[in-house]
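*Asks:* Could you have a look at this structure, given as structure tokens, before my questions?
The values are calculated or read from the model by the stated rules, or taken from the named source; none is laboratory data. The shown structure was predicted, so the numbers you read here are calculated from the model rather than taken from an experiment. Cβ sites come from the backbone with ideal geometry, for glycine too, and all protein chains shown count toward neighbours. Ligands, DNA and RNA are stripped out before the accessible areas are found, and what is left, the full protein with its side chains, is counted by its heavy atoms. Shrake-Rupley method; radii C 1.70, N 1.55, O 1.52, S 1.80 Å.
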Amino acid sequence: RLRLTADDGQVQTFDETLVTASALTVRVEATDPAAAEAGPDPAAFRVTLDGEMEYTVPLVLELGGSATPVLDYSGPPPFYDFLPGMTDAVFEVTPLADLVPEGTETVTLSVLPAPIFEVAAPATAAVTIADTPIDQWRVEQFGAQADWPEAGDEMDFDGDGWNNLAEYGLGGNPTTNDAPAALDIRLAAT
């Protein structure tokens with residue numbers, strides 16, 4: 001109950017009104033936390049609004065993580081409006097297959113606080129984006145040099161006569177001369 005009082009020194013008056021405040025709470029979660037460039041296989045975030053509302057509730061969404069929007073994935077917009085009657089929204093993160101070995105990357109989604117709602121903890125959710133299988137292998141084998149030309153499919157990094165693509169396909173080690181084991185496989189195939 002709110003009371004507004006006016007007093008000019010001679011006359012005093014007031015008016016009262018009853019205000020019912022309903023607490024709005026916003027929650028963010030990763031409902032499908034694993035995405036992959038192969039496929040591609042998307043991940044998903046869900047943002048939920050709890051509480052009664054008769055007006056539009058604007059949200060500001062903040063993306064973070066090690067993946068780069070537009071280059072590594074398409075995803076949630078920076079702004080979203082919950083219209084009256086809406087209780088949740090699902091936002092997909094769709095990986096974009098590229099030719100850059102990056103290993104597994106992350107995407108985080110946060111809802112920024114606002115005066116008209118509170119953000120439930122945790123205020124941030126995360127999903128992962130797995131690289132293509134061959135690029136993940138390249139990162140495991142070559143580390144920081146995974147994106148160097150020498151780590152490319154047609155290159156023979158270790159000089160054993162097997163290019164990197166063959167090493168990947170046959171389970172070889174592209175950084176160690178392991179030609180004898182690979183040679184047996186080659187001769188058996190002919």
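*Asks:* FRET efficiency for Val70 and Leu170, Cβ-Cβ distance as r, R0 = 35 Å, nearest 0.05?
*Replies:* Working: r = 36 Å, r/R0 = 1.03.
The formula returns an efficiency of 0.45 here.
*Asks:* Please find, in a Gaussian network model of the chain (springs between Cα atoms separated by less than 10 Å), the residue of Phe82, Phe117, Phe14 whose mean-square fluctuation is greatest.
*Replies:* Phe14
*Asks:* How high is the relative contact order of the stretch 65-182? Use alpha-carbon pairs under 8 Å, at least six apart in sequence, and give a whole percent.
*Replies:* On the way: 146 pairs, mean separation 21.2, N = 118.
About 18 percent, as a whole number.
*Asks:* Consider a paramagnetic label point 7 Å from the Cα of Ile116 along Cα→Cβ; state which residues of the stretch 53-89 have an amide N under 20 Å from it.
*Replies:* 53-62, 77-89
*Asks:* Moving to a separate point now. With a 10 Å radius around each residue's Cβ, average the other Cβ atoms per peptide and rank 102-114, 54-66, highest first.
*Replies:* Details: 102-114: 17.6, 54-66: 14.3.
Put in order of decreasing packing, that is 102-114, 54-66.
*Asks:* Calculate the radius of gyration of the Cα atoms of the chain to one decimal place, then report Dmax, the largest Cα-Cα distance, as a whole number, both in Å.
*Replies:* 28.0, 111
*Asks:* Taking the Cβ of Val26 as the center, what net charge do the other residues with Cβ under 12 Å away carry, scoring Lys and Arg +1 and Asp and Glu -1? Intermediate results must be reported in sequence, preceding the final value.
*Replies:* On the way: positive: Arg27, Arg46; negative: Glu29, Asp50, Asp88, Glu118.
Its environment carries a net charge of -2.
*Asks:* Could you tell me the calculated FRET efficiency between Thr94 and Ala144, based on Cβ-Cβ distance and R0 = 22 angstrom, to the nearest 0.05? Intermediate results must be reported in sequence, preceding the final value.
*Replies:* Details: r = 28 Å, r/R0 = 1.26.
Step by step, r from the Cβ atoms, then E = 0.20.
*Asks:* Can you tell me the accessible area per residue over the stretch 42-82, all protein chains present, probe 1.4 angstrom, in square angstrom?
*Replies:* On the way: 2110 Å² over 41 residues.
Result: 51 Å² per residue.
*Asks:* Something else about it: Quick one: with all protein chains in place, what share of the accessible area of the stretch 64-164 is carbon or sulfur, to the nearest percent (1.4 Å probe)?
*Replies:* Numbers: 3280 of 5270 Å².
C and S fraction of accessible area: 62 percent.
*Asks:* Suppose accessible area is computed on protein heavy atoms with a 1.4 Å probe; arrange Arg3, Arg138, Arg27, Arg46 from highest to lowest.
*Replies:* Values: Arg3 135, Arg138 20, Arg27 110, Arg46 80 Å².
Accessible-area ranking of Arg3, Arg138, Arg27, Arg46, largest first: Arg3, Arg27, Arg46, Arg138.
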